[in-house]
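The values are calculated or read from the model by the stated rules, or taken from the named source; none is laboratory data. Here the structure is a predicted model, which is why all the values come from computation and not from measurement. Cβ placement follows ideal geometry from the backbone for every residue including glycine, while neighbour counts extend to all protein chains displayed. Just so you know, the surface numbers come from the protein's heavy atoms only, side chains and all, with ligands and any DNA or RNA stripped out. Shrake-Rupley method; radii C 1.70, N 1.55, O 1.52, S 1.80 Å.
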Amino acid sequence: MATKTVKQTGDTTVAGGGELGRTGLNSWGGQVREEFLRELQGIKGIRVYREMRDNDAVVGAILTAIELLIRNVTWRVEAADDSQEAVRAKDLVETSLNRMSFTWKDTLSEILSMLVYGWSWLETVYEKREDDGLLGWKKWAIRGQETLIKWEFDPEGGIQGMWQSTSTRPAPVLIPIDRSLLFRTRIERNNPEGYSILRRAYRSWFYKKRIEEIEGIAIERDMTGVPVLIPPEGVDLWNTKDSVAVTSLANAEKVVRSLKRDQHEGIVIGFGWELKLLTTGGRRQMDITGVIERYDRRIAMSTLADFILMGSERVGSFALARTKSDIFVLAVGAYLEGITEVINTFAIRRLMDLNSIPKELSPKLVPGTIEHVDLVELGGYITSLAGAGAPLFPDPELEKYLRRVANLPQPPEEQEAAPASIVTEKRVEVDL
């Protein structure tokens, strides 16, 4: 069938030609401007997200839960097929992961910084192995988000690299994408900066932070009172032409601003001065605790992790908590799948290319399940299947899965390689 040639104005051939459109990413000079809040753009946004991660208890609990769930997953490398070449390629990936200068779980922690900032950039560093002469991974080195200067794009909007500057090497350096791994929580318009899972929680965190600061000031003032320093009769503190009055006013303001109740409390004032404390009786018309708890719920809801607050609020049934936690686990599983796809698509295939291993022999890194399997429910399900006549055993793969989810040891290799069943031939005599 002949290919139809489509032309545009100016005699530009479309069929078989380059791209006409663009992703529409709002960027200029390597700077991405998709974020409409100025305080969350560029390095300012990175600092805000870091403060949210390190200073907020609810945000910290959510991020810790996600990281521990993913770090607890067991990983395995699966060969492309049963051939010796595929098995050798699998061994190359396994040994390379085990020989890296950082442990696999520590590398995962660096990758998971994408949750906070929306993206994480790891440079793949290779080394020649002495035992077999092949190239393996030396490490996947994190390139901190705060060291980003700008992005390098091609004319079509493709990501070509990251320009980095650090305190020890201030001169900008381009780290090309073909030597790196870019992990993102989600991709929109091929934005290299992804989308922080804390973005939708920012507004709630912003108001919560300021309300907590006001609450702390209010508690301090309720305990100490509002200090009032009264000058002696005849002293006009507002006479700006009198140098003594100006100095006295400045000293008085310094005293009332620095007065606190602590182990160093106390004040010395001159003759005729009087110090009073105005108090409110410790009562507030506004329920500050309820307001802060509302913002905590919204922060947790934005990441599908509001189940972590159910115990503290003393409301909610066990069934509801389990449903919410199941949804959270599914969301974490999606992040895990995204990490796995990047590793299989780019890290492993590049390693195969460097060692001249055919693409079809590329192994895959496969994560285990995140969710906790209820063994009682699983046992009941298997029993029901067996009762319905489903042929479940012997099945080596099923047996290995059941052992794995129950944290039981796998059978020895010689036992696993043995025939599942032995059929003996018997002589049957039939009277004719």
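Mind checking whether some residue in segment 178-185 is in contact (Cβ under 8 Å) with a residue 24 or more places away in the chain, in a loop (DSSP other than H, G, I, E, B), in contact with a helix residue (DSSP H, G or I) (Cβ under 7 Å, 6 or more places away or on another chain) and not charged (D, E, K, R)? For segment 178-185, residues in contact (Cβ under 8 Å) with a residue 24 or more places away in the chain, in a loop (DSSP other than H, G, I, E, B), in contact with a helix residue (DSSP H, G or I) (Cβ under 7 Å, 6 or more places away or on another chain) and not charged (D, E, K, R): present. Residue pairs whose Cβ atoms lie under 7 Å apart, separated by 6 or more positions or on different chains, with the first residue in segment 66-81 and touching a residue at least 60 places away in the same chain (Cβ under 8 Å) and the second open to solvent by 80 Å² or more (accessible area, probe 1.4 Å), are Glu78/Lys364; Ala80/Glu360.
Under the condition of being within 17 Å of Arg179 (Cβ to Cβ), in contact with an Asp or Glu (Cβ under 9 Å, 6 or more places away or on another chain) and among the hydrophobic types (A, V, I, L, M, F, W, C), the residues counted in segment 103-152 number 9. Determine whether Ser196 is assigned to a loop (DSSP other than H, G, I, E, B) and among the small types (Gly, Ala, Ser). It is true that Ser196 is assigned to a loop (DSSP other than H, G, I, E, B) and among the small types (Gly, Ala, Ser).
Sort out which residues of segment 176-205 are over 30 Å from Gly18 (Cα atoms) and either basic (Lys, Arg) or open to solvent by 60 Å² or more (accessible area, probe 1.4 Å) (or both), and write them in order of number.
Within segment 176-205, Arg199, Arg200, Arg203 qualify.
Restricting attention to segment 409-432, the residues that are at pLDDT 70 or above and loosely packed, with under 10 Cβ neighbours inside 10 Å add up to 2. Any residue in segment 157-175 that is in a loop (DSSP other than H, G, I, E, B) and buried (at least 16 other Cβ atoms within 10 Å of the Cβ)? Looking for residues that are in a loop (DSSP other than H, G, I, E, B) and buried (at least 16 other Cβ atoms within 10 Å of the Cβ), one finds at least one in segment 157-175, hence yes.
Would you check if Ala319 is out of contact with any His (no Cβ under 6 Å at 6 or more places or on another chain), at pLDDT below 85 and not hydroxyl-bearing (Ser, Thr, Tyr)? It is true that Ala319 is out of contact with any His (no Cβ under 6 Å at 6 or more places or on another chain), at pLDDT below 85 and not hydroxyl-bearing (Ser, Thr, Tyr). A search for C-beta distances below 6 Å between a residue of segment 259-274 that is within 16 Å of Val228 (Cβ to Cβ) and any residue that is modelled with pLDDT of 75 or more and outside any loop (DSSP other than H, G, I, E, B), counting only pairs 6+ apart in sequence or on different chains, returns Leu259/Pro227; Glu274/Ile230. Number of residues in segment 36-54 that are within 19 Å of the chain's Cα centre (by Cα) and assigned to a loop (DSSP other than H, G, I, E, B): the value is 1. The requirement of being at pLDDT below 95, closer than 27 Å to Ala201 by Cα and in a helix (DSSP H, G or I) is fulfilled somewhere in segment 71-91, by at least one residue.
For Arg349, the criteria (1) part of a loop (DSSP other than H, G, I, E, B); (2) open to solvent by 60 Å² or more (accessible area, probe 1.4 Å); (3) at pLDDT 75 or above hold in every case but one, which is (1).
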